[in-house]
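All remarks here apply to the structure that follows.
The values are calculated or read from the model by the stated rules, or taken from the named source; none is laboratory data. Predicted model only: the values in this text are computed from it and were never measured. So basically every Cβ, Gly included, is an ideal-geometry build from the backbone, and we count neighbours across all protein chains shown. We work out accessible area using only protein heavy atoms, side chains counted, and drop any ligands, DNA or RNA first. Shrake-Rupley method; radii C 1.70, N 1.55, O 1.52, S 1.80 Å.
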Amino acid sequence: MNQKCQCGNETKDPKLEALDAVLEEYGSTPGSLITILQKTQGIYGYIPKDVINHISQATKVKPAKIYGVATFYSQFRLEPIGKYLIMLCQGTACHVNGSDEIAKEVSEFLEIGDGETTEDGIFTINNVACLGCCSLAPVMMIRSEDGDETYGNLTKEKVVDILTEIRNRSLKEVAK
């Protein structure tokens, strides 16, 4: 977890430093494991398996218990997600308005299923119970480091256009 800088000295990973600050604040507080895991996921974007051992050492909670909590709650991820997290609403209003067809089109276009990430690391799909945007049904929200963007009144063609535009923009950013 430590790195060597060009000068040959060991430097601490900035994410690990941020995690250590969290562990210093919450590590000795009983019942704070979920908070620690939430903050860990906020730092890393997911909960790396090697970080579970680091948390265990700091909190004296067995890695198996930490892993059990992380896998029990659906809010936690043990694998990295794509640059863009696509949340496809499967609520009643969206379902009635064709969300199944939208989800199928997104999966076929990106060649991944629910909970999976594209090989290029750009997209991850998550089917969600409800986004609370029923008047826009069918709807999806795309989360990125720039924030959340909601797209409503979706059609199969509109979804393909949106995803193509985002992928092209993302590939242009990488090429720079």
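Below are the figures for this structure:
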| item | result |
| --- | --- |
| Solvent accessible area, Å² - residue 71, 1.4 Å probe, full protein context | 70 Å² |
| Contour minus Cα-Cα distance for residue 148 and residue 72 (0.36 nm per residue) | 24.8 nm |
| Using a Förster distance of 41 Å, the FRET efficiency for residue 160-residue 20 (Cβ separation, nearest 0.05) | 0.40 |
| Where labels lie 7 Å past Cα in the beta-carbon direction, separation of residue 114 and residue 176 in nm | 3.6 nm |
| Dipole in debye (nearest 20) - the chain, about Cα centre, beta carbon charges: Lys, Arg +1; Asp, Glu -1 | 540 debye |
| Accessible surface of residue 29 - all protein chains present, 1.4 Å probe, nearest 10 Å² | 70 Å² |
| Fraction of accessible area attributable to carbon and sulfur, region 41-176 (%, probe 1.4 Å) | 51 percent |
| Solvent-accessible area per residue for the chain (1.4 angstrom probe, square angstrom) | 59 Å² |
| Net charge, residue 101 excluded, C-beta distance under 13 Å - Lys, Arg +1, Asp, Glu -1 | -1 |
| Among [x] 45; [y] 58; [z] 51, the entry that matches percent of Cα pairs over 21 Å apart as calculated here | [y] |
| Accessible area (Å², 1.4 Å probe, nearest 10) - residue 172 | 140 Å² |
| Accessible-area order (highest first, 1.4 angstrom probe) of the listed residues 28, 56 | 28, 56 |
